[in-house]
Structures are given as C-alpha cells and as structure tokens.
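Remarks on the structure that follows.
The values are calculated or read from the model by the stated rules, or taken from the named source; none is laboratory data. Please read these numbers as outputs of a predicted model, since none were measured by experiment. Quick reminder, even Gly has a Cβ in these numbers, built from the backbone with ideal geometry, and neighbours come from all protein chains shown.
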Amino acid sequence: MVEVSTSILTMEKGEETKTIFALETAKTDYFHIDVMDGKFVEKNTYKKMLENSSYIKRISNLPLDVHLMVEDVKNAVDDFLAVEPNIITFHYEACKDKKEVLDMIKYIKENNCKVGLAIKPKTKLDDIYEFLPYIHMCLVMTVEPGKGGQKLIPETVDKVRNLKKYIEDNNIEIDIEVDGGINLATVDTVKQAGANILVSGTAILMAKDYKVIIDELKK
Ligand code: DX5
Ligand code: ZN
C-alpha cells in the first residue's frame, strides 16, 4: 500500500485553512513541507514553511514530512523540530563529508524524530548505501530540487528500482519516497519501481477534487 505526501509548496496564500482541511478530507497521509533556504536551492521558502508548519500543527493531526533543501542542516533541524514533524529529511549533498551525514542522522534521531536522507537526480546510490541501515526513509528526487511543477526525470526511475533491489537484497527496512513530477501519468512507473511514499504537489493542488487524485495515486 503506498502513501501520499502532499507538497504544500504551491498552496495559495490566504487559502491555507481551506486547503489543509480539504487535503485532510481527501486523506493525504502526510503534508510534505518543502524548506528552501535560497542557498542550497534558489528559492527561499524557509519562513513561509515554518509558519505553515506551525499553523498545520494547530489545526490538523496529520503528520509533517519535512524536506530540508538547505545548506545549514543542523540549524534547520533545530528550527523544524519545534513543529514536531513525523520525519525530517535532509540532503546528502548538503553535508561536507560522511561524518556530517552520520552526525545529522544521529542528531535527528536523538531528538525523537524519524530521519530521511534525500539525494538529487545526479547523485549515485553508491554514495549513500552505507547510511541506509541508520535511516527510516530515502527520498529519491525525481526532479532537480528547487521548485514545483517540473517534469519527472526518467533516469531517476532506474535509481528507485536499484535502491529497492538493494534494500531487499540486504534486508534493510526503509521507505522509498519519490518527489517531483509525480502525477497520474508517472505514478505507475515509480510504484512499479518500488516507491512506497509519493510526494505530489501540483497534480493534487491543481485538481478540483483532491480526493480523486489522491485515491488514484494510491491505487
Ligand atoms: C521540489 C520539491 C517537491 C515539489 C513537488 O524541490 O522538493 O516536493 O514541490 O511538487 P510537484 O509535485 O509539483 O513536482
Ligand atoms: Zn520535496
């Protein structure tokens, strides 16, 4: 059974309450919080995502799936721990070395939060295999991080397939999340490849009826 994590990156200003309640009714499993610092990626959504996260915490019990696209991982982890997310995922490419990756994994877990590691489309799986036993989820970016509404990069599907094979061959129990360009046209490919958590923003938020799309994605 796959789960859906709706990215609220493109949520209309002023429509937050309506959108959040509608997504709850449509049974999204998570709210995907895209945190961008204007350095790791061009856009800066940091303050807006912190505000949206604390607002969601006040009006919804659904879990937050925080995706940090930031250079200063530790500082962002400290800021977003305050909204008690279900999971915090940071980018492998934001860390200067393996030690920092391991330190961040440990730090997030020590703060009673699940931890995910995200990789950009060009990053090789070989670079992160050693961390998989210590994390709860691997976020395979299916677009270049930085904005919503992009097209899925086909080569990333093989990465999902290879990652799925690796975790099965090595008895590693982690979730595989895909993020970027996930819609009714691409969902079957990524599910067959082995993704079990689907991030979708545009495809859901553009729909008249969120539930129709979310049900389709989960099928
Ligand atoms: C991109 C973000 C994604 C994006 C997904 O940097 O990490 O979560 O918002 O949006 P869509 O589904 O529109 O590609
Ligand atoms: Zn994301």
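A compact table of results
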{"quantity": "The range 149-184, residues that are of a type in the set (D, E, K, R) and away from ligand 1 (no atom under 15 Å from the Cβ)", "calculated": "GLU155, ASP158, LYS159, ARG161, LYS164, LYS165, GLU168, ASP169, GLU173, ASP175"}
{"quantity": "Single condition GLU12 does not satisfy, out of (1) modelled with pLDDT of 95 or more; (2) over 15 Å from the mean Cα position of the chain (by Cα)", "calculated": "(1)"}
{"quantity": "Top-ranked residue of the range 124-156 - restricted to ones that are within 15 Å of ligand 2 (Cβ to nearest atom) and among the β-branched types (Val, Ile, Thr), ranked as surrounded by the fewest Cβ atoms within 10 Å (Cβ to Cβ)", "calculated": "ILE153"}
{"quantity": "Residue match in the range 201-209 (condition: within 16 Å of ligand 2 (Cβ to nearest atom), outside any helix (DSSP H, G or I) and closer than 16 Å to HIS32 by Cβ)", "calculated": "yes"}
{"quantity": "The one condition in (1) more than 16 Å from the chain's Cα centre (by Cα); (2) of a type in the set (A, V, I, L, M); (3) outside any loop (DSSP other than H, G, I, E, B) that LEU184 fails to fulfil", "calculated": "(3)"}
{"quantity": "Cβ pairs under 6 Å, 6+ apart, first in the range 185-214 and within 19 Å of LYS18 (Cβ to Cβ), second in a strand (DSSP E or B)", "calculated": "GLY201/SER7; ILE204/THR6; ILE214/VAL4"}
{"quantity": "Output for the range 171-200, where each listed residue is away from ligand 2 (no atom under 16 Å from the Cβ), small (Gly, Ala, Ser) and touching an Asp or Glu at 6+ places or on another chain (Cβ under 8 Å)", "calculated": "ALA193"}
{"quantity": "Subset of the range 133-166 (residues that are closer than 20 Å to HIS67 by Cβ and part of a helix (DSSP H, G or I))", "calculated": "TYR134, THR156, VAL157, LYS159, VAL160, LEU163"}
{"quantity": "Total residues in the range 192-217, condition at negative phi and more than 15 Å from ligand 1 (Cβ to nearest atom)", "calculated": "8"}
{"quantity": "Any chance TYR107 is hydroxyl-bearing (Ser, Thr, Tyr) and in contact (Cβ under 8 Å) with a residue 60 or more places away in the chain", "calculated": "no"}
{"quantity": "Cβ pairs under 6 Å, 6+ apart, first in the range 1-18 and farther than 24 Å from MET141 by Cα and away from ligand 2 (no atom under 16 Å from the Cβ), second aliphatic (A, V, I, L, M) and outside any loop (DSSP other than H, G, I, E, B)", "calculated": "none"}
{"quantity": "Cβ-Cβ under 7 Å pairs, at least 6 apart or on other chains, the range 138-151 side farther than 14 Å from HIS91 by Cβ, far side charged (D, E, K, R) and more than 6 Å from ligand 1 (Cβ to nearest atom)", "calculated": "LYS147/LYS43"}
